[in-house]
Structures are given as C-alpha cells and as structure tokens.
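> Before anything else, here's the structure in question.
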C-alpha cells in the first residue's frame, strides 16, 4: 500500500469581485447604440437611441472601471509566501531488472 503524505493546506487566498450591474448596463448601452443604426422610424428618431445607448455605455464602463480599481486597492498588499502546495516527487527511470 502506498504511504500517505500529508498535504499542507493552501496558503494562497482567492478574492472574488463584488456583484455588479455594470456589465448588464454596458450590454444594454451597446444594444441601444447598435439600434440607433437600424431603428430609424421606430417610435423615435435613431439618434435618440444612439445617444441613450452612448450614455448607458459610458456610465456602465465608468462604473466597472471604478469598481475594479476599488476592488484592487481593497486587496491585501502581502501574503505569506510558501513553496508549492503539492509535494514534489522525483522521477526515476524504471529499473532494468
């Protein structure tokens, strides 16, 4: 039976970003901007769709960039550095016997 090596716990931590509506509003702004090209004569003029789309798109982009910046500076500056989490094994050629 193979001997069991205790594997130490991982020292690295994973930090997930906070939930955001920014990508959804960015997609809405991009869709409105594209609709400004093709939706001439549907309810309002096409440039109205394009202006609202550009406003949504730029506001969502600004929101995502500022949230990413805040999230980056929220992270800890240092972590405890340690070797590999998994044990390292040496590879030996098979015996010629």
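> Kindly indicate whether residue 69 is out of contact with any helix residue (DSSP H, G or I) (no Cβ under 6 Å at 6 or more places or on another chain), at pLDDT 90 or above and loosely packed, with under 14 Cβ neighbours inside 10 Å. Steps first, please.
Working: out of contact with any helix residue (DSSP H, G or I) (no Cβ under 6 Å at 6 or more places or on another chain): yes; at pLDDT 90 or above: yes; loosely packed, with under 14 Cβ neighbours inside 10 Å: yes.
It is true that residue 69 is out of contact with any helix residue (DSSP H, G or I) (no Cβ under 6 Å at 6 or more places or on another chain), at pLDDT 90 or above and loosely packed, with under 14 Cβ neighbours inside 10 Å.
> Can you name the residue in segment 1-32 that is modelled with pLDDT under 70 and under 21 Å from residue 73 (Cα atoms) and is also surrounded by the fewest Cβ atoms within 10 Å (Cβ to Cβ) among such residues?
Checked segment 1-32; the qualifying residue surrounded by the fewest Cβ atoms within 10 Å (Cβ to Cβ) is 12.
> Are there any pairs with C-beta distances below 8 angstrom linking a residue in segment 43-54 that is free of Cβ contacts under 8 Å to residues at least 24 places away in the same chain and at negative phi to a residue that is in a helix (DSSP H, G or I) and exposed (fewer than 13 other Cβ atoms within 10 Å of the Cβ), with the two at least 6 apart or on different chains, and if so which?
Cβ pairs passing all conditions: 46/37; 46/38; 50/37.
The values are calculated or read from the model by the stated rules, or taken from the named source; none is laboratory data. These numbers come from a predicted model, not from an experiment. Methodologically, a virtual Cβ is constructed for each residue, glycine included, from the backbone with ideal geometry; neighbour enumeration extends over all protein chains shown.
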